[in-house]
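A short worksheet on the structure shown next.
The values are calculated or read from the model by the stated rules, or taken from the named source; none is laboratory data. Here the structure is a predicted model, which means the values were calculated and not measured. No Cβ is skipped: glycine too gets one built from the backbone with ideal geometry, and neighbour counts run over all protein chains shown. To get the accessible areas, we keep the full protein, side chains included, count just its heavy atoms, and leave off ligands, DNA and RNA. Shrake-Rupley method; radii C 1.70, N 1.55, O 1.52, S 1.80 Å.
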Amino acid sequence: QVQLVESGGGLVQPGESLRLSCAASGSIFSRYTLGWYRQAPGKQRELVASITSLGNINYADSVKGRFTISRDNAKNTGYLQMNSLKPEDTAVYYCNSKRGPSDVWGQGTQVTVSL
């Protein structure tokens, strides 16, 4: 079973950038689909981006062209590079890994975009 720890959240102004990291341990990270989700206050958790073990990538329409998901299997770490941040990107961001019946979540990291 993989364990996940997110880092890199914070408070930024509109237009700025952040990079989130997701450190994995406990299993073979490269075999898992890695996803980044977010949940804003009063809203449902939504998929932001995902990358499969084969490198297939999917983005939510709201972040296409601004966010980039990647993974470094040698470091057992996934990343979400977020550029041109907007106030509506404010949320708790969660890292997720899936493989077969395994569905593991990190604890989340807060991203706040505000003047």
Step by step: first the residues of the range 1-43, then only those that are assigned to a loop (DSSP other than H, G, I, E, B) and under 16 Å from the mean Cα position of the chain (by Cα), then the one that is surrounded by the fewest Cβ atoms within 10 Å (Cβ to Cβ). Which residue is that?
Ser17
Among residues of the range 84-105 being open to solvent by less than 10 Å² (accessible area, probe 1.4 Å) and closer than 20 Å to Val12 by Cβ, the residue farthest from the chain's Cα centre (by Cα) is Leu85
All positions within the range 64-91 that are out of contact with any Pro (no Cβ under 8 Å at 6 or more places or on another chain) and of a type in the set (Lys, Arg):
Lys64, Arg66, Arg71, Lys75
Of the residues in the range 50-73, those that are farther than 17 Å from Phe29 by Cα, assigned to a strand (DSSP E or B) and among the hydrophobic types (A, V, I, L, M, F, W, C) come to Phe67
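What is the residue count in the range 76-90 for residues that are touching a helix residue (DSSP H, G or I) at 6+ places or on another chain (Cβ under 9 Å) and among the β-branched types (Val, Ile, Thr)?
Total satisfying the criteria: 1.
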